Amino acid sequence: WPEDRRKAELLEAALEVVASDPPTMVKGDAIDVCPALGRSLPPGPRVVFHAATRMHVAPERRAAFDDAIDAMADGSPIYHVWQEPHWAPHRGAAADPRGAIEMHGPGDEAPVALVRVDGHLEWMAPLEPGQ
């Protein structure tokens, strides 16, 4: 929002950092570009992160989105990390109701909650012990 000067200053600082060493940008629908992108990467562990992305994928395309993210592995270990609402979990797995960043990695049978967050990542908090 325009009146939020703190966020505007943070954005300006981030843009300066990115401008000094621009990342490679890949344009397109994740369903179309992720499998080829995975094949183009050198072997080795990969981390794929998305926040408030899957929730915007049409429900009938979510399985294809999940397949595309998983295809980023292309034979390498993949760590898939996300922050999505509980109603849009990866592959329909039971989502953490606490509002958490979750992930699955090699050998994980179910998503693992990492840290509690609010919907806009304004704060992070540790998970309570035993949760």
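The values are calculated or read from the model by the stated rules, or taken from the named source; none is laboratory data. Note that this is a predicted model, so its numbers are computed, not measured. Please note: Cβ atoms are built from the backbone with ideal geometry, for glycine as well, and neighbour counts cover all protein chains shown. Remember, those area values only see protein heavy atoms, side chains included, never the ligands or the DNA or RNA. Shrake-Rupley method; radii C 1.70, N 1.55, O 1.52, S 1.80 Å.
Filtered by the rule that a residue be out of contact with any Leu (no Cβ under 9 Å at 6 or more places or on another chain) and assigned to a loop (DSSP other than H, G, I, E, B), region 1-35 gives W1, P2, E3, D4, D21, P22, P23, T24, M25, K27, G28, D29. Among the residues making up region 36-73, those that are assigned to a loop (DSSP other than H, G, I, E, B), loosely packed, with under 15 Cβ neighbours inside 10 Å and in contact (Cβ under 8 Å) with a residue 24 or more places away in the chain are L41, P43, G44, P45, A52. Counting only residues that are modelled with pLDDT of 85 or more, of a type in the set (F, W, Y) and open to solvent by 20 Å² or more (accessible area, probe 1.4 Å), region 81-129 holds 1 of them.
Per the conditions (1) outside any loop (DSSP other than H, G, I, E, B); (2) touching a residue at least 24 places away in the same chain (Cβ under 8 Å), the sole criterion not satisfied by L121 is (1). Against the conditions (1) of a type outside the set (F, W, Y); (2) open to solvent by less than 50 Å² (accessible area, probe 1.4 Å); (3) closer than 16 Å to H50 by Cβ, S76 satisfies every one except (3).
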